[in-house]
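The values are calculated or read from the model by the stated rules, or taken from the named source; none is laboratory data. Please read all numbers here as calculations on a predicted model, not as lab measurements. Virtual Cβ from ideal backbone geometry, glycine too; neighbours counted across all protein chains shown.
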Amino acid sequence: MLTIFTLLTAIHFFNSCSKQTVIHTGPVNMDLSAIPYPSLSDYGFFTGIIQHQSPNERVLPYDLNTPLFSDYAYKSRFVWMPESTTAEVDSMGMFTFPNGATLIKTFYYPQDFRNPSHRIDLVETRLLIKKKGVWHAYDYVWNNDQTDAQLNLIGDIKSVTWIDKAGTKQNIDYIVPNKNQCKSCHNRNNEIKPIGPKVANLNRNLTYPEGAKNQLSKWVEMGYLKLDVPHPQLPSVANWEDPTSGTLEARALAYLDINCGHCHHPQGPAHTTGLYLQATQTQKGRLGVCKPPVAAGKGSGGRMYGIKPGQPDSSILIFRMEDTDPGIMMPELGRIVPHQEGIQLIREWINQMDDDCQ
């Protein structure tokens, strides 16, 4: 996976011959009474040529142990907060951000996944901005010249092409979500909430210009986080791709947590299913093991249980992860193609379970 700093090199290479550039100098420009601005460059989150994505002062890059799958898109993530403001950690390990806090996420595709630091295409940059205690989602779509991104509230479809790691050319119609779709994924008790930034997701090292450092420690050093417990004593979710980061089950639950757990949560929009897919979940029935669906129909694929131990092909979870029918597939937003590697992980997890449904 690219670090944000190799990403900057890739973007610089790709756009080094661009005739049109948007150059920003000065501090971040955040007037909460005037947002959303028409262009991403208006905020000043990036200094110099905007498509290089060089973070401005107090714009801090971050990454997650296990990221959300979004049709194989790569992502760069940044956070910015106003001077003298600090996030705190609640009892669930979630961050409580101050007003003005902004989460910045750019989706992009290397043109060749075998050499991801060579040439890339920027697709969209999503902002979550907290104003008067309420989070607001704004999406900015990059123009064809890759010189700036413009506010888009109605969604879009972008044709994206890349060469995958096996050397095969891939092409999809990438879906840029509209404002309501952003709300549906970030829904917690009918309020927009960030998904990724929490203690367990950020408790890992990231390479900064000055060297590697634990992200939680870096946030504290920046004044962005109040933390009463040293990071070695705090939980860290597994990296689903790294077998050394945890057991097969821990990696599977980490994958389900970030991809499904924001909806399948006691306070999420899918709470009525009784399927709660958090990395900390210990009740097998809540994970779907030997659990009949709340409602039958085509979404069950004729299968009896969310997870049939030892039988992934008899499990609704696999059926919905593999399908591409909008009325069946899960997650229902944020992807149009199945995540083959993630599905294989969940298959392996189900395969190693004892078959004990009666």
Is it true that some residue in the range 221-237 is surrounded by 20 or more Cβ atoms within 10 Å (Cβ to Cβ), among the aromatic types (F, W, Y), under 30 Å from P82 (Cβ atoms) and modelled with pLDDT of 90 or more? yes
Odd one out for Q278 among (1) assigned to a loop (DSSP other than H, G, I, E, B); (2) surrounded by fewer than 17 Cβ atoms within 10 Å (Cβ to Cβ): (2)
Evaluation of R188 against (1) of a type in the set (D, E, K, R); (2) within 19 Å of the chain's Cα centre (by Cα); (3) at pLDDT 95 or above (one fails), failing number: (3)
For the range 328-351, state whether one or more residues are over 24 Å from the mean Cα position of the chain (by Cα), part of a loop (DSSP other than H, G, I, E, B), on the phi > 0 side of the Ramachandran plot and surrounded by fewer than 18 Cβ atoms within 10 Å (Cβ to Cβ). no
The range 78-190: strands (runs of 3 or more DSSP E) wholly inside it with 2 or more residues that are among the basic types (K, R) and in the same structural domain as T207 (by TED's automatic domain parsing) are 120-131
Condition (residue is at negative phi and modelled with pLDDT under 95) applied to the range 138-146: is it met by at least one residue? yes
Quick one: G26 ticks every box in (1) modelled with pLDDT of 95 or more; (2) over 28 Å from V160 (Cβ atoms) bar one, so which box is it? (1)
Mind listing just one residue for me: the one in the range 30-53 that is among the polar types (S, T, N, Q) and in contact with a helix residue (DSSP H, G or I) (Cβ under 6 Å, 6 or more places away or on another chain) and, of those, modelled with the lowest pLDDT? Q51
Unmet criterion (only one of (1) under 21 Å from R335 (Cβ atoms); (2) at pLDDT 95 or above) for A149: (1)
